[in-house]
Amino acid sequence: MTATTAHADPACADKACLDGVDLPAVARRVGTPCHVYSASAIRERIDALKAALHGLDALVCYAAKANSNIAILQLMADAGLGADIVSGGELWRCLYAGIPAERIVFSGVGKTAEEIADALEAGVARFNVESADELQLLQRVASERNVIACASARINPDVDALTHAKISTGKSENKFGVGVDEARGWFAGGAALTHVRLDGLHVHIGSQMLSLDPIRAALQRVVDFWHELAAAGYAIRSLDVGGGLGVRYRAGHDHPVSIDDYVDAIRHALAGFEGRILLEPGRWLVAEAGVLLTRVIRIKHGQQRKFLILDAAMNDLLRPSLYDAWHDIVPLLDDSRSMQTYDVVGPVCETGDTFARDRELPECRAGDLVMIKATGAYGASMASTYNSRPLAAEVLLDRGHYAVVRERQTFEEMIAGEHSADQWETA
Ligand SMILES: *Cc1c(COP(=O)(O)O)cnc(C)c1O
């Protein structure tokens, strides 16, 4: 059967192919579980986004947390993208991968003095500031180093992103950003900011948004505030519209906004703005380019339910456990089988280690290869070694070739840095 029609080359058109590469062969060579990403699919998204942005002074800052594998970041760097980072670790990764500091913006509510200093040292483009305390800290760290930090106020527009509560970030009850009233005070008090140039606004209201309405509402709040600030004489040079564009996790059910409609909404809302527009897409660029390959360990007939037990688990893909997220699951079989209803689970000792409940699938047997789809975003980047399960391998596919871009972790690597307690000291 055909796993996906996109990018399949004729040589393996009748097999389970992604980006011209035979997935069962990859699974045999690299082992399972393994995360697999199509470079062509990611480039297609980048090109579509760039085409939609034609004529705008826009910089795409890929949200590195969606998938921070070095090879993925290098793809972004090669395409001229910048990055949106949320930690010192992401700063380090992005610089290592060759994303220039002047294309990096730094978001997040918990930036430490050390992270801010490192980011200033590297020369990042801009800080998306999320609290008055952070603004003061940025001023202090920048003045100690005698540099000027560019900053945007992250506005919390109090708009419901109509997504899962755990990935909603733009309601006033959420920890992110500040209200317009507080931000107004920051601009009014700007004279005290000798080493911060506060000349931008930022908004990011949540993730996996499948409607333009909340996006339009959030943009409108920010645009109204920009107009107010401009009228009061403050120069706004950067408007950052965040990320959050949703993708199709469930075929025939999810209906994502088209990239052209999304960019049109930005174009329309920001009409007349003469500074630079920043975008921070994460999921939209990488989610649908990735699949998780896993094998069936066994079928267990429980007292009430039938369990399909895979060799992948919540430590490899947390989204179903954390967000009750749906992922399409496709067994890669070369014969036809009757349909069965399974609870699809991993080996981890948690009831939450469940990828799907009551899922209709072709009957599976031990050893069958199964593909969990749309795992390119918030998959490997959220992985852990819970239950002492080493991190899975990651593989990049590109037009008929594959490259391992993360080796499967060994047990030795898994315990690296751990010690027996033989060096006691007094604090
Ligand atoms: C996570 C995040 C993004 C990316 O969100 P996606 O839903 O993956 O597009 C963008 N900006 C900020 C500030 C974020 O925290």
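Please go through segment 171-183 and give me each residue that is open to solvent by 60 Å² or more (accessible area, probe 1.4 Å) and either under 19 Å from G243 (Cα atoms) or part of a loop (DSSP other than H, G, I, E, B) (or both), ordered by number.
Kept after step one, since they are open to solvent by 60 Å² or more (accessible area, probe 1.4 Å), are these residues of segment 171-183: 172-173, 175, 181-182.
Selection gives S172, E173, K175.
In segment 83-101, what residues are within 21 Å of C150 (Cβ to Cβ) and not acidic (D, E)?
Within segment 83-101, A83, I85, V86, S87, G88, L91, W92, C94, L95, I99, P100, A101 meet the criteria.
Among the strands (runs of 3 or more DSSP E) lying completely within segment 270-329, list those that include at least 2 residues that are among the β-branched types (V, I, T) and more than 13 Å from the ligand (Cβ to nearest atom). Show your work before the answer.
Numbers: elements: 276-279, 290-301, 306-310.
Where strands (runs of 3 or more DSSP E) fall fully within segment 270-329 and carry at least 2 residues being among the β-branched types (V, I, T) and more than 13 Å from the ligand (Cβ to nearest atom), they are 290-301.
Within segment 62-82, track down each residue that is more than 11 Å from the chain's Cα centre (by Cα), within 18 Å of G123 (Cβ to Cβ) and within 15 Å of the ligand (Cβ to nearest atom).
L73, L81, G82
Given the residues A119, A64, A113, A83, which is the only one that is buried (at least 23 other Cβ atoms within 10 Å of the Cβ), assigned by TED's automatic domain parsing to the domain that holds V196 and in contact with a helix residue (DSSP H, G or I) (Cβ under 9 Å, 6 or more places away or on another chain)? Step through it out loud before you land on a result.
Working: A64 fails: assigned by TED's automatic domain parsing to the domain that holds V196; A113 fails: buried (at least 23 other Cβ atoms within 10 Å of the Cβ); A83 fails: assigned by TED's automatic domain parsing to the domain that holds V196.
After ruling out the rest, the residue left standing is A119.
Out of the residues in segment 219-251 that are small (G, A, S) and within 20 Å of the chain's Cα centre (by Cα), which is nearest to the ligand (Cβ to nearest atom)? Please lay out each step first, then the result.
If we filter segment 219-251 for residues that are small (G, A, S), which is where we start, we get 230-233, 235, 238, 242-244, 246, 251.
Still in the running and within 20 Å of the chain's Cα centre (by Cα): 242-244, 246.
Working: G242: 5, G243: 3, G244: 4, G246: 8 Å.
Among those that are small (G, A, S) and within 20 Å of the chain's Cα centre (by Cα), it is G243.
Scan segment 102-119 and report the pairs whose first residue is closer than 18 Å to A77 by Cβ and acidic (D, E) and whose second residue is open to solvent by 10 Å² or more (accessible area, probe 1.4 Å) and within 15 Å of the ligand (Cβ to nearest atom), with Cβ atoms within less than 8 Å and a gap of 6+ or a chain change.
So the pair list comes out as E102/V124; E102/A125.
Give just the number: which of (1) in contact (Cβ under 8 Å) with a residue 40 or more places away in the chain; (2) closer than 16 Å to V405 by Cα; (3) away from the ligand (no atom under 11 Å from the Cβ) does C94 not satisfy?
Unmet condition: (1).
Cβ-Cβ distance below 6 Å, separation of 6 or more or different chains: which pairs start in segment 223-247 with a residue that is more than 12 Å from A269 (Cα to Cα) and end on one that is assigned to a helix (DSSP H, G or I) and acidic (D, E)?
From residues that are more than 12 Å from A269 (Cα to Cα), the pairs are V247/E288.
Go through segment 330-378 and report how many residues are hydroxyl-bearing (S, T, Y) and either open to solvent by less than 10 Å² (accessible area, probe 1.4 Å) or within 16 Å of the ligand (Cβ to nearest atom) (or both). Explain how you work it out, then say what you get.
Of segment 330-378, the ones hydroxyl-bearing (S, T, Y) are 336, 338, 341-342, 351, 354, 375, 378.
Checking the rest, the ones that are also either open to solvent by less than 10 Å² (accessible area, probe 1.4 Å) or within 16 Å of the ligand (Cβ to nearest atom) (or both) come to 342, 375, 378.
The number of residues fulfilling the criteria is 3.
Listed here are the residues, each with its yes/no results for (1) under 22 Å from V105 (Cβ atoms); (2) assigned to a strand (DSSP E or B).
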{"residue": "L201", "(1), (2)": "yes, yes"}
{"residue": "I215", "(1), (2)": "yes, no"}
{"residue": "A218", "(1), (2)": "yes, no"}
{"residue": "V223", "(1), (2)": "yes, no"}
{"residue": "I236", "(1), (2)": "yes, no"}
{"residue": "H253", "(1), (2)": "no, no"}
{"residue": "P256", "(1), (2)": "no, no"}
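Could you tell me whether any residue of segment 184-201 is under 22 Å from L59 (Cβ atoms), open to solvent by less than 20 Å² (accessible area, probe 1.4 Å), touching a residue at least 60 places away in the same chain (Cβ under 8 Å) and aliphatic (A, V, I, L, M)?
Scanning segment 184-201 turns up at least one residue that is under 22 Å from L59 (Cβ atoms), open to solvent by less than 20 Å² (accessible area, probe 1.4 Å), touching a residue at least 60 places away in the same chain (Cβ under 8 Å) and aliphatic (A, V, I, L, M).
The values are calculated or read from the model by the stated rules, or taken from the named source; none is laboratory data. The structure displayed is predicted, hence computed values, not measured ones. Virtual Cβ from ideal backbone geometry, glycine too; neighbours counted across all protein chains shown. Calculation scope for accessible area: heavy atoms of the full protein, side chains included, ligands and nucleic acids excluded. Shrake-Rupley method; radii C 1.70, N 1.55, O 1.52, S 1.80 Å.
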